[in-house]
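What follows is a single structure, written as structure tokens, with notes after it.
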Amino acid sequence: MSLEKTVTDVVGTDRVSTSDLERIAYSHDLAPIPRNITGLFNNLPDIIVKPQSLEEAAGVMKLANRLRVPVTPRGSATWGYGGAVPTMGGILLDLRGLNKIVSFDEAKGLLTVQCGAVWKDILDFLEKTGWELPVYPSSAPSSTVGGFAATGGLGYGSLEYGSLVENVASATIILPTGEKTVIDPNSGWVTPPQLFGSEGTLCVFGELTLRLVPRRPSAAPFLAYFHQLSNAVEVANDLVRRTRPFSLILRAFGFVRARERALLSPEDAESGAIIFGYYAGMPDQVEESLSSFARRVADGGGILRPREEAEFEWSERFYPLRIKKLGPTVLTSDVLVPSNRLIEMVQHAWQLGCEASMDVEIENIWVSPDQVLFFPLFLSDERRTLRYLSHSAITKKLIDRAITMGGRSYGYGVWNSFHFTASEPTRRKEFAKLKTLLDPNDVLNPGKTLTAKTRFGLSLPKVLYAGFLETLWRLGEWF
Amino acid sequence: MSSALLSKLQREDVFACAQCGYCVKWCPIYDRSGWESTSPRGKVFLLKKMLENSGPNLFTSNTRIITEFVQRLFDCTTCGRCGEKCHLELDLLDLWVRLRELSVRQGLAPESVGLMEKTLFGPKNIFGMDSQSQRDWATYTGAEIKVQDQAEILYFVGCVTSYSGRSQGVAQAITAILNHVGENWSLMGEEWCCGHPLAVSGATEGYREIAEHNVRAIENMHAKTVVSGCPGCCLAFREEYPRVLGRKPNFEVIHFAQLLDRYITQGKIRIPKLDAIATYHDPCELARLGGVVDEPRRVLGSFVGNLIEPEESGRFGRCCGAGGLLKATNSAMSGELAEKRLTMLNSTGAQVVVSACPSCDQNLGEASSRFPNSKRVQDLAELVAQQMGLM
């Protein structure tokens, strides 16, 4: 019996597709893969399946495990490291149909949602209630609950409330064998921190019960410009300790903003960096925080911007990729760096950008007082294939530097899997053990995170990857 | 055929698209199917792959993938909501229309497009009706019409309102109100289809001839204002004719909802109160693409006892499925979209569903007739004229 027929028996005909057009449409995520290396991987799924219930998703997983067919779970594919893209064909599990709010316990502030629910829809749903989300991703208008759980869970709100896993009461997961089970912080055999951030390789997240936080009576955004990047970083680091905002973001500009002209005002065009974010709390607390912010900005040589500009910048927090219009491609590599080394990291990124003639804008989100999610956007052009391939070496260089600073890659997927050992040696060992235990047939998102496995079943050796990229980088000026 | 029809900027945009997916859930077609290839993001990605593989030559081979892709292009209501939600503010609507144009030139467009084009260039209306019968609506409805050599206001009726029985009441209502106010108005001596169906379908070859005829005829009448009850006709005059002709016509173009709003402000009409719960459906071509959001609400708010805003309304309003020629290329899909929209409108508890577009009125009205306990779907002009006792 064909794979299509077997899967159809589980979910029905209208939710299965083997159309060539559809297979191409599902063969990518945010990041364009340089054409020269696409041949190494089979990004085309053989079949796309859209389950409408957890039972159906579990049924497909069980079937795939029995038939030893790779399964790639996919939400909105807003991550750029290949986690939602097949590398060996197989079944692509489009989970966006599982998008319901299952239950809302208004007394306890517990919200149970399916994995395909979009974060912005949850934010909108909660708007009419007395509760708020403690943390949500910067791609909230499209990214899904399951996707955020699978890819690290750091975002807006992490500065105040930590990562997603710290705000989850329990999760219903589907194991690679197709077994459905519930995990919570007291689970004996496996705990949420072991599975959150496992990039769709250890389990499929089915439902999450989120612990909400009571809506605060007062809230206000803030914004300041700085001509000197070093002043902006110093002020930001000071503010996260003194005032503890819900979120604080520092955006450092290369030449991008000058090229793009002033977004808001002439001062904006000249600024080397901006700090913006959001305070929430009791009215007097928020007022006190805003006053502290104003004083610290003035002391640090910054320019405080009016409330309406702060509101605009905060409303723009979901649109960091707007500069892509100047690319048309952006190369990025999110890394976590210690906040006291941020200035070095930004300077390093700027130097790399200069070497490769790439303009860069850098988004930095504080996820704790000591740690920053560093998100550079290098402008490149994927149509100039060799040059783009050479440019892509910049991601390796950034991760290498972050590791020497005591930081790490935020995620691994296909492209950063080579950095897992150097970034988190202990976690990688535990991760590898769990993979063997939970997925003995290696069917769930195989060939990622722990290794970058090609369509031929062989893992790319790190030495080859590193040597290849370094050589390309050096040859870059010739392309 | 090369992709020269796509501007350099559009070819850049295809690569600039962030693939963030912010557009996806707002697309009514994706919402119905759930397949990535039907979403705006999916279509841009597929186009990018085609540009990568075939260079500037698009749609040169008639492979199954190309055929399916062209079908996706026409399974679209051209509602433009994808562009509104775009992370990079790309003009996606223009991209879809240019791609339709390419597929028409390559002979890959659905048959119904060619049929519509052929029909339109005969008697100059989309229904292929005898052009002599263009004003029969006045006879059927008993409307008092005016046809003059010169007039201040030109009432452009449009094909759907002229020829479709369900919509002829809109023309009756508009003429009755114009007469009630005492305007110096007129119909055109020979009104041709505005050509908007050609523009959205991509069958643009003879569009200039249509635009020239309509503009010249109206300018010869020295009309200062063209008013229409059809948002598609308004878009043609306001947005498409200047592009095709390379100049702006010498008259302003407004939708009848805007004129009603002016009449109320100027105290020219008084509308007796309607003791009912009503809700308003924004036609995409009037609200999102035409920027007319507040005026119909002000008009309704002036006389409706309880006006309830439905979800997904205003500039981000949800399409009823009537646009983009979808009714001709995939009527079943168009009907399903209408049912979905009507369900949203009905959930407001309204007794009357109001819109301001003959195509929306029709599509929602047809969907309503398939619902038990169906609600009245009325055009704004009709509702106003009825309340004023003019029809």
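Things to note:
- Options B:C23, B:C17, B:C76, B:C27: the member that is in contact with a His (Cβ under 9 Å, 6 or more places away or on another chain), under 22 Å from A:D20 (Cβ atoms) and touching a residue at least 40 places away in the same chain (Cβ under 8 Å): B:C17
- Candidate set: region A:307-325, residues that are away from chain B (no Cβ under 14 Å) and without any contact (Cβ under 8 Å) to a residue 60 or more places away in the chain; chosen: the one surrounded by the most Cβ atoms within 10 Å (Cβ to Cβ): A:F312
- Residue check for A:K120: within 14 Å of A:S76 (Cβ to Cβ) and either more than 11 Å from the chain's Cα centre (by Cα) or more than 14 Å from every other protein chain (Cβ to nearest Cβ) (or both): yes
- Selection from region A:326-347 of residues that are over 16 Å from A:W79 (Cα atoms), buried (at least 20 other Cβ atoms within 10 Å of the Cβ) and within 14 Å of chain B (Cβ to nearest Cβ): A:G327, A:P328
- Scanning region A:353-386 for residues that are surrounded by fewer than 21 Cβ atoms within 10 Å (Cβ to Cβ), assigned to a helix (DSSP H, G or I) and either without any contact (Cβ under 8 Å) to a residue 24 or more places away in the chain or away from chain B (no Cβ under 14 Å) (or both) yields A:C354, A:E355, A:L386.
- Members of region B:25-45 found to be surrounded by fewer than 23 Cβ atoms within 10 Å (Cβ to Cβ), within 7 Å of chain A (Cβ to nearest Cβ) and part of a helix (DSSP H, G or I), listed by number: B:K25, B:F45
- Inter-residue pairs, beta-carbon under 6 Å, first touching a residue at least 40 places away in the same chain (Cβ under 8 Å) and farther than 22 Å from B:V147 by Cα and in region B:119-134, second surrounded by fewer than 14 Cβ atoms within 10 Å (Cβ to Cβ) and not hydroxyl-bearing (S, T, Y), 6+ apart: B:F121/B:G206
- Within the option set B:L93, B:L115, being part of a helix (DSSP H, G or I), outside the structural domain of B:S359 (by TED's automatic domain parsing) and touching a Leu at 6+ places or on another chain (Cβ under 9 Å) holds for one residue only, B:L93.
- Test: residue in region A:47-58 that is of a type in the set (A, V, I, L, M, F, W, C), closer than 16 Å to A:G178 by Cα, within 14 Å of chain B (Cβ to nearest Cβ) and part of a helix (DSSP H, G or I): no
- In region A:69-78, residue surrounded by the fewest Cβ atoms within 10 Å (Cβ to Cβ) [restricted to those that are within 11 Å of chain B (Cβ to nearest Cβ) and part of a loop (DSSP other than H, G, I, E, B)]: A:T78
- Residue in region A:407-419 that is at pLDDT 95 or above, in a loop (DSSP other than H, G, I, E, B), in contact with a His (Cβ under 9 Å, 6 or more places away or on another chain) and more than 14 Å from chain B (Cβ to nearest Cβ) present: yes
- Flag if B:M50 is within 12 Å of chain A (Cβ to nearest Cβ) and more than 18 Å from the chain's Cα centre (by Cα): yes
- Exactly one residue out of A:D400, A:D370, A:D359, A:D334 is among the charged types (D, E, K, R), touching a strand residue (DSSP E or B) at 6+ places or on another chain (Cβ under 9 Å) and within 28 Å of A:W478 (Cβ to Cβ): that is A:D359.
- Failed condition for B:E309, given (1) at pLDDT 95 or above; (2) surrounded by fewer than 24 Cβ atoms within 10 Å (Cβ to Cβ); (3) closer than 30 Å to B:Q71 by Cα: (3)
- Residues of region B:339-374 that are part of a loop (DSSP other than H, G, I, E, B) and buried (at least 21 other Cβ atoms within 10 Å of the Cβ): B:A350, B:A356, B:C357.
- Counted residues, region B:222-281 - those being small (G, A, S) and out of contact with any strand residue (DSSP E or B) (no Cβ under 6 Å at 6 or more places or on another chain): 6
- Selected residue (only one of A:G302, A:G277 is closer than 14 Å to A:D238 by Cβ, under 29 Å from the mean Cα position of the chain (by Cα), more than 14 Å from every other protein chain (Cβ to nearest Cβ) and not basic (K, R)): A:G277
The values are calculated or read from the model by the stated rules, or taken from the named source; none is laboratory data. These numbers come from a predicted model, not from an experiment. With ideal geometry, Cβ positions are generated from the backbone for all residues, glycine too; neighbour counts draw on all protein chains shown.
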